[in-house]
Amino acid sequence: QSALTQPASVSGSPGQSITISCTGTSSDVGSYKYVSWYQQHPGEAPKLIIYDVSNRPSGVSDRFSGSKSGNTASLTISGLQAEDDADYYCNSYTTRSTWVFGGGTKLTVL
Amino acid sequence: QVQLVESGGGVVQPGRSLRLSCAASGFTFRSHGMHWVRQAPGKGLEWVAVIWYDGSNKLYADSVKGRFTISRDDSKNTLFLQMNGLRVDDTALYYCARDDNPPFDLWGRGTLVTVSS
């Protein structure tokens with residue numbers, strides 16, 4: 001059960017777009033549409049922002065979008081805002097009927 | 001108010017046991033599977049365990065299998081995590097989260113477990 005691979009950090013200026021990758025294997029990301037993304041601000045619980053690869057829960061800004069190709073999923077944030085400065089985690093269902101998170105990516109809005 | 005509230009964390013010596021609780025309110029608890037997820041200080045999220053809505057299936061991360069047991073009491077709308085044989089690397093903030101469509105859509109604020117001699 002190795003963690004999904006995410007870049008440790010990404011950065012961007014307000015108004016720009018950034019993309020965070022999440023690489024797994026054919027036993028998790030590559031096998032299912034059940035890939036989700038979470039935003040976590042310091043001292044807070046994670047918040048679901050994308051589920052089933054590309055769906056947004058009600059209330060989540062449409063600046064957040066998700067996609068997947070093969071064993072790699074991606075989260076794109078467009079029109080960066082100061083409040084997007086946070087940690088981001090991907091998550092996938094696996095062929096063992098368990099779940100696995102990515103190692104997390106710290107997004108810095110410059 | 002839809003919420004999850006964890007409790008039971010604390011400081012414990014290596015090898016000892018601890019039981020965490022997660023009280024659910026504002027939704028039909030018995031209709032949902034439930035997860036435990038942990039986060040070591042300054043580290044990322046790690047999925048720990050899941051129990052299906054009817055308790056018929058329980059699955060664990062390899063790192064806790066054989067030591068931790070997830071359970072639920074639907075009469076009390078409460079989820080549990082029995083942790084035995086605790087190790088220093090089990091030190092973390094433990095969250096409970098709801099399994100729905102989508103999964104992990106609702107989280108508690110966590111309870112801190114510190115394993116130290």
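The values are calculated or read from the model by the stated rules, or taken from the named source; none is laboratory data. Predicted model, so just to flag it, every value in this text is computed and none were measured. A quick note on method: Cβ atoms are made from the backbone with ideal geometry, for glycine too, and the neighbour counts reach across all protein chains shown. Accessible surface areas use protein heavy atoms only, side chains included; no ligands, DNA or RNA. Shrake-Rupley method; radii C 1.70, N 1.55, O 1.52, S 1.80 Å.
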From B:86, B:112, B:93, B:106, which residue is over 25 Å from residue A:93 (Cα atoms) and within 14 Å of chain A (Cβ to nearest Cβ)?
B:112
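Let's see how each residue does on (1) open to solvent by 60 Å² or more (accessible area, probe 1.4 Å); (2) in contact with a Ser or Thr (Cβ under 8 Å, 6 or more places away or on another chain):
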| residue | (1), (2) |
| --- | --- |
| B:9 | no, yes |
| B:26 | no, no |
| B:44 | no, no |
| B:50 | no, yes |
| B:66 | yes, no |
Filtering the stretch A:66-88 down to residues that are open to solvent by less than 10 Å² (accessible area, probe 1.4 Å) and assigned to a strand (DSSP E or B) yields A:73, A:75, A:77, A:86, A:88
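Can you pull out the residues in the stretch A:1-27 that are part of a loop (DSSP other than H, G, I, E, B), within 13 Å of chain B (Cβ to nearest Cβ) and at pLDDT 95 or above?
Kept after step one, since they are part of a loop (DSSP other than H, G, I, E, B), are these residues of the stretch A:1-27: A:1-3, A:6-8, A:13-17, A:24-27.
When the remaining residues are screened for being within 13 Å of chain B (Cβ to nearest Cβ), the result is A:1-3, A:6-8.
Across the stretch A:1-27, the qualifying residues are A:6, A:7, A:8.
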Determine the pairs where a residue that is at positive phi, located within the stretch A:39-54, has a partner that is crowded, with 17+ Cβ neighbours inside 10 Å with Cβ atoms under 6 Å apart, the partner being 6 or more residues away or on another chain.
A:53/A:35; A:53/A:66; A:53/A:68
Which of the residues belonging to the stretch B:62-76 are away from chain A (no Cβ under 14 Å) and either closer than 27 Å to residue A:41 by Cβ or more than 14 Å from the chain's Cα centre (by Cα) (or both)?
B:66, B:74, B:75, B:76
Could you check the stretch A:18-43 and list, in sequence order, the residues that are more than 13 Å from residue A:85 (Cα to Cα) and either surrounded by fewer than 16 Cβ atoms within 10 Å (Cβ to Cβ) or in contact with a helix residue (DSSP H, G or I) (Cβ under 7 Å, 6 or more places away or on another chain) (or both)?
A:19, A:26, A:31, A:33, A:43
Condition set within 11 Å of chain B (Cβ to nearest Cβ) and not in a loop (DSSP other than H, G, I, E, B), scope the stretch A:44-65, selection surrounded by the most Cβ atoms within 10 Å (Cβ to Cβ): answer is A:50
Which of the following residues is under 18 Å from residue A:1 (Cα atoms), within 14 Å of the chain's Cα centre (by Cα) and of a type outside the set (D, E, K, R): B:92, B:23, B:49?
B:49
Selection status of residue B:90, of a type in the set (Asp, Glu) and surrounded by fewer than 22 Cβ atoms within 10 Å (Cβ to Cβ):
no
